[in-house]
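Peer 1: Below you will find the structure I want to go over with you.
The values are calculated or read from the model by the stated rules, or taken from the named source; none is laboratory data. Quick caveat, the model's predicted, so the values are computed rather than measured. Neighbour counts run over all protein chains shown; Cβ positions are idealised from the backbone, glycine included. When the accessible area is computed, the model is the full protein with side chains, heavy atoms only, and any ligands, DNA or RNA have been set aside. Shrake-Rupley method; radii C 1.70, N 1.55, O 1.52, S 1.80 Å.
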Amino acid sequence: MLCLLFLGPFFATATMRLLINNACIQSFQVLQLQQTFDSSLEKPQFPGASAEFVDQLEFIQPNVISGIPVYRVMDRQGNIINPSQDPQLSKETVLNFYQKMTMLNTMDRILYESQRQGRISFYMTNYGEEGTHIGSAAALDPNDLVFGQYREAGVLMYRGFPLDHFMAQCYANADDLGKGRQMPVHYGSKDLNFVTISSPLATQIPQAAGAAYAVKRENTNRAVICYFGEGAASEGDAHAGFNFSATLECPLIFFCRNNGYAISTPTNEQYRGDGIAARGPGYGMLSIRVDGNDVFAVYNATKEARRRAVAENQPFLIEAMTYRIGHHSTSDDSSAYRSVDEVNYWDKQDHPISRLRHYMTARGWWSEDDERSWRKQSRKTVMEAFERAERRLKPNPELLFTDVYQEMIPSLNKQRESLWRHVQQYKENYPLDLYEK
Amino acid sequence: MAAAARLFLRGANSKLSIAPGSLGTTHAAHFTFQPDPVPSQYGPTQKMNLFQSITSALDNTLASDPTAVIFGEDVAFGGVFRCTVGLRDKYGKDRVFNTPLCEQGIVGFGIGVAVAGATAIAEIQFADYIFPAFDQIVNEAAKYRYRSGNMFDCGNLTIRAPWGCVGHGSLYHSQSPEAFFAHCPGLKVVIPRSPIQAKGLLLSCIADKNPCIFFEPKILYRAAVEQVPEDPYTIPLSQAEVLQEGSDVTLVAWGTQIHVLKEVASMAQEKLGVSCEVIDLQTILPWDIETVCKSVVKTGRLLISHEAPVTGGFASEISSTVQEECFLNLEAPISRVCGYDTPFPHIFEPFYIPDKWKCFEAIKKMINY
């Protein structure tokens, strides 16, 4: 069997049938050639790269051309810089963008507080990154499949995931579509084509490549988008996903939220190259860097990437530069590793919500009164959903044992029965009243 | 080219597994493959070895399931073990294709294909190289359905990998990693002993709505030849097979080791007058507790044998469960005849493997306990 491991160097100047030994191996078929060979030319003939010869010893310096520029449509005050780039979305659409971003922000505030008060076990906010969610989600088709990391709740919100479902998942109550199995913010929705979030980072990246490949074969003009942070992009799975999607020609948008931090690790400890966008060309992938706090820039880039990914069956890499205004999660206190001044700059001077509001008010689409009444209404809506979720019972503990496999297996069934016998005997020690029967 | 061809020839002339010529001697394999009778219930049969029976299963699958795709390193030209020969020409380059050299990518990609609703058959070139994909398998594939409340799953994923000792494979071409995956609820782990079993079990894995890992005993790829049905058929998962009935000792194994135990059973009958019941577990997870326990209740003695190291090997799970269920029926301690707690050695393979004499000796001890 060892013989089979040495198949590598069999390329020859012409196609060859290799007849080794009838008892051993049947003849090999044509081995695909990567180029025709002509040693009379003074060009490199290597299969591995198409290039010219050079006789000066010179190392290519990274970032010698200053880093990949940041595409934007609006300045920090919400003014359109180049009118040809204004997507000229309708008032209704833009208002919807704004309301979704602010509703997300309101929900974040209330749920963060609820964790502080011990009502839910854990939470992650999206402060400062609302533009990346809404801008990209709006540029997709509702049927496009979304793979996320954990800070993309706005994508779900844009697609219409009800507040009750967000709350149900965070409270792990009987209405949770995930049946109470995961920590808060691990959302998922089959109807809205949003694959359930998992905690291990970057695992979704090669999965998105596979899903895009399958979707390509279906021929229904669907795309797949895959979100991840700049920290997750260091994982081996990211390298795997980029390489597979390029070599296998997948209709896939890689959307990197570069928000400056992976918990406490700043970007200069995460990578030494020019961010994530600069890696794309290394994989043969079309890449762009955008201002993630400019919802129109995010929208334009995603829209064009989607159009071409589906039309040309190739992946696109969008690196959306932004800033994580909140802590990593409720288990983090970011004052331990960054200054309040830094956070305030982004909150006050370069926030996706404010920039869009300036755009809207400049057109007379949104007034102070609109702002006041919307804030009041959105807060009320969120609070009502919150109170409903609080009152709801937890799911039936039977759901501890289901969906491990598609079918119930005998050994697990026995364990289930043994738990129930035990709980019957020791019931006063188990919080049965909190759960559905 | 000539040098490489010589390598082929040297490999070609070995019937089974050969220790290198540097010792000046060659050792025959540690087992004799015993073919099963020709099955009559599945239609016309054809002589096939193990890799050909795998090709047949894959061919049937690609023919009947338009979403099915096969991918991994080197599968396009036919695979380093020839399991995918002819399939790319027959079904197209979008359905049988090479991936970059990256196991975590192969499995991650496969999960994505399955999540999108297509049938994904991922090949890992050697089970020894499955570990970069461990996170994707254990943390993702196995848990996809549970963690999503059954909204998403990767039941359409099957991972295949060559498995087990091959005479000269050493540390990284001989491993049997089933125990690592047996500890992972949500997965199925299946190991066939022969071509007929392999085709039926592989087709069951592909049809099964849970992610399955299918380990193929590489030493049997050419050595095991049977009359295998051409049409598709399935052999049920999680059902152990009693290959021969006996009254004194229950012998349990899977894959190549079944053929060792069959020979041990003959030796025990001939030399000790001991009647052995031989069970092929086939599915490691979820395993058929009932069949094994029923047998031990009858015989009172159990020997489990596998190439993988003894500590934490799957024999320990079987042993633990059987002593819980059948404690009062046991006439002797349960015996495990397994690999030693070392990496799989090269030149010391004849000493390392749980061969028929070690198993025979273990039976003697159990009988005389």
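Peer 1: Give, ordered by residue number, each residue of segment A:372-412 whose 1.4 Å probe accessible area is reduced by a minimum of 50 Å² on adding the remaining protein chains to the chain alone.
Peer 2: So the qualifying set is A:D403, A:V404, A:Y405, A:Q406.
Peer 1: Extending each Cα 7 Å along its Cβ direction at B:S320 and B:A28, get the distance between those two points in nm, one decimal.
Peer 2: About 4.0 nm, to one decimal.
Peer 1: Count charges around B:D355 for me, please; just the other residues with Cβ under 13 Å from its Cβ, Lys/Arg as +1, Asp/Glu as -1. Numbers along the way, then the final one.
Peer 2: Working: positive: B:K356, B:K358; negative: B:E263, B:E307, B:E349, B:E361.
Net local charge, B:D355 excluded: -2.
Peer 1: May I ask you to give the percent of accessible area on segment A:138-194 that is carbon plus sulfur, with a probe radius of 1.4 Å?
Peer 2: Values: 770 of 1630 Å².
Within segment A:138-194, the accessible surface is 47 percent carbon and sulfur.
Peer 1: Among A:N193, A:N82, A:N173, which one moves the most in a GNM of chain A with springs linking Cα atoms closer than 10 Å?
Peer 2: Highest fluctuation among the options: A:N82.
Peer 1: Quick one: work out Rg over Rh on the C-alpha atoms of the protein assembly as shown, Rh as Kirkwood radius. Each step should come with its number before you reach the end.
Peer 2: Values: Rg = 30.1 Å, Rh = 29.5 Å.
Taking Rh as the inverse mean 1/r over Cα pairs, Rg/Rh reads 1.02.
Peer 1: Peptide B:138-146: average number of partner chain Cβ atoms within 10 Å per residue?
Peer 2: 5
Peer 1: What length, rounded to one decimal in nm, is gained on full extension from A:R363 through to A:D332, with 0.36 nm per residue of separation minus their alpha-carbon distance? Display every interim value, and only then the final one.
Peer 2: Values: separation 31, 0.36 × 31 = 11.16 nm, distance 3.98 nm.
Difference between extended and current length: 7.2 nm.
Peer 1: Roughly how many percent of the accessible protein surface of segment A:345-437 is carbon and sulfur, given a 1.4 Å probe and a whole-percent answer?
Peer 2: Numbers: 3230 of 6240 Å².
Heavy-atom surface of segment A:345-437 belonging to carbon and sulfur, 1.4 Å probe: 52 percent.
Peer 1: How big is the charge dipole of the protein assembly as shown about its Cα centre, in debye rounded to the nearest 20, if each Lys and Arg gets +1 on its Cβ and each Asp and Glu gets -1 on its Cβ? Before the final figure, lay out the partial values.
Peer 2: Working: 74 positive and 88 negative charges, 114 e Å.
In debye, rounded to 20, the protein assembly as shown gives about 540.
Peer 1: Estimate for me the total accessible surface buried between chains B and A (protein heavy atoms, probe 1.4 Å, no ligands or nucleic acids), in Å² to the nearest 100.
Peer 2: On the way: alone 16070 and 24150 Å², together 34820 Å².
Interface between B and A: roughly 5400 Å².
Peer 1: Go through A:M321, B:M151 and list them by solvent-accessible area, largest first, probe radius 1.4 Å.
Peer 2: On the way: A:M321 55, B:M151 30 Å².
So, going from the largest accessible area down, we get A:M321, B:M151.
Peer 1: Within the set of other residues whose C-beta is less than 12 Å from the C-beta of B:K209, count the net charge using Lys and Arg as +1 and Asp and Glu as -1. The partial results should precede the final answer.
Peer 2: Details: positive: B:R145, B:K188; negative: A:D403, A:E407, B:D153, B:D208.
Value of the local net charge: -2.
Peer 1: Can you tell me the FRET efficiency between A:A174 and A:D274 if r is taken as the Cβ-Cβ distance and R0 is 51 Å, rounded to the nearest 0.05?
Peer 2: Given R0 = 51 Å and the Cβ-Cβ separation, E is 0.55.
Peer 1: What residue among B:K294, B:K90, B:K271 shows peak mean-square fluctuation when chain B is described by a Gaussian network model with Cα springs under 10 Å?
Peer 2: Highest fluctuation among the options: B:K271.
Peer 1: Then there's this: Taking chain B as a Gaussian network, Cα atoms linked when under 10 Å apart, which of B:N210, B:N139, B:N98 shows the biggest mean-square fluctuation?
Peer 2: Per the Cα network of chain B with a 10 Å cutoff, B:N139 tops the list.
Peer 1: Tell me which cysteines of chain B come out unpaired when the rule is another cysteine's Cβ under 4.7 Å.
Peer 2: B:C83, B:C102, B:C154, B:C165, B:C184, B:C276, B:C293, B:C326, B:C338, B:C359
Peer 1: If only Cα atoms are counted, what is the Rg of chain B, and what is its Dmax, in Å?
Peer 2: Values for chain B (Cα only, Rg and Dmax): 20.3, 64 Å.
Peer 1: About its Cα centre, what dipole magnitude does segment B:213-298 give when the only charges are +1 on Lys and Arg Cβ and -1 on Asp and Glu Cβ, stated in debye to the nearest 20? Mind dumping the intermediate values first?
Peer 2: On the way: 6 positive and 13 negative charges, 60 e Å.
The dipole magnitude comes to about 280 debye.
Peer 1: Next question, about the same structure. Please give the peptides A:66-78, B:51-63 ranked by average Cβ packing (other Cβ atoms within 10 Å per residue), highest first, as a rough proxy for protection.
Peer 2: Details: A:66-78: 16.2, B:51-63: 22.7.
Most protected by this proxy first, the peptides run B:51-63, A:66-78.
Peer 1: Roughly how many Å is it from the Cα centre of segment B:318-369 to that of segment A:102-170, as a whole number?
Peer 2: That distance is 55 Å.
Peer 1: Still on this structure, I have one more. To the nearest Å, what is the center-to-center distance of segment A:177-203 and segment A:230-295, using C-alpha atoms only?
Peer 2: After rounding, the separation between the Cα centres reads 22 Å.
Peer 1: Here's something else I'd like to know. Using a 1.4 Å probe, what is the accessible area per residue for chain B, in Å²? Display every interim value, and only then the final one.
Peer 2: Details: 13370 Å² over 369 residues.
Accessible area per residue, chain B: 36 Å².
Peer 1: In whole Å, what are the Cα extents of segment B:322-369 along the three principal axes, biggest one first?
Peer 2: Principal extents (Cα only, largest first): 43, 22, 11 Å.
Peer 1: Within the accessible area of chain B, what % is carbon and sulfur when the probe is 1.4 Å and the other protein chains stay in place? Provide the component values of the computation, followed by the final result.
Peer 2: Values: 7270 of 13370 Å².
The C+S portion of the solvent-accessible surface of chain B is 54 percent.
Peer 1: Moving on to the next point. Averaged across A:173-182, how many Cβ atoms of other chains sit within 10 Å of each residue's Cβ atom? Could you put the intermediate results ahead of the total?
Peer 2: Working: counts 0, 0, 0, 1, 4, 6, 6, 1, 5, 5.
Per residue, the average neighbour count from other chains is 3.
Peer 1: Calculate the dipole size of chain A relative to its Cα centre from +1 charges on Lys and Arg beta carbons and -1 charges on Asp and Glu beta carbons; express the result in debye to the nearest 20.
Peer 2: Values: 45 positive and 51 negative charges, 207 e Å.
Approximately 1000 debye in magnitude.
Peer 1: Taking every residue in A:198-209, how many Cβ atoms of other protein chains lie within 10 Å of its Cβ, on average? Working shown, then result.
Peer 2: On the way: counts 6, 2, 6, 0, 3, 9, 5, 4, 14, 15, 5, 6.
Partner-chain Cβ atoms within 10 Å, mean over residues of A:198-209: 6.
Peer 1: So what is the calculated 222 nm ellipticity per residue for the protein assembly as shown, using -39500 (n - 2.57) for each DSSP H run with n of 4 or more, over all residues, to the nearest 500 deg cm²/dmol? Mind showing how you got there, number by number?
Peer 2: On the way: 25 runs with 289 residues, N = 806.
Helix-only estimate at 222 nm: -11000 deg cm²/dmol.
Peer 1: What residue among A:F53, A:M183, A:S90 has its Cα farthest toward the positive end of the dipole of chain A, where the charges are +1 on Lys, Arg and -1 on Asp, Glu, each on the Cβ?
Peer 2: The one lying farthest along the dipole's positive direction is A:M183.
Peer 1: Still on this structure, please answer the following. Once phi is turned into θ = phi - 60°, what whole-Hz ³J(HN,Hα) does the Karplus curve with 6.51, -1.76 and 1.60 give for every residue of segment A:277-282, x standing for Gly and Pro?
Peer 2: Calculated HN-Hα couplings, in order: 4, 5, 7, x, x, x Hz.
Peer 1: Roughly how large, in nm² to one decimal, is the mean projection of the convex hull of the alpha-carbon atoms in chain A? If you can, show how the numbers build up before the last one.
Peer 2: On the way: hull surface 123.7 nm².
The orientation-averaged projected area of the Cα hull of chain A comes to 30.9 nm².
Peer 1: Would you mind working out the accessible area per residue for segment A:83-391, using a 1.4 Å probe, and quoting it in Å²?
Peer 2: Working: 11370 Å² over 309 residues.
Each residue of segment A:83-391 exposes 37 Å² on average to a 1.4 Å probe.
Peer 1: Across segment B:55-120, how large is the tail of the calculated P(r) beyond 14 Å, expressed as a percent of all Cα pairs?
Peer 2: Numbers: 1171 of 2145 pairs.
So the pairs more than 14 Å apart make up 55 percent of the total in segment B:55-120.
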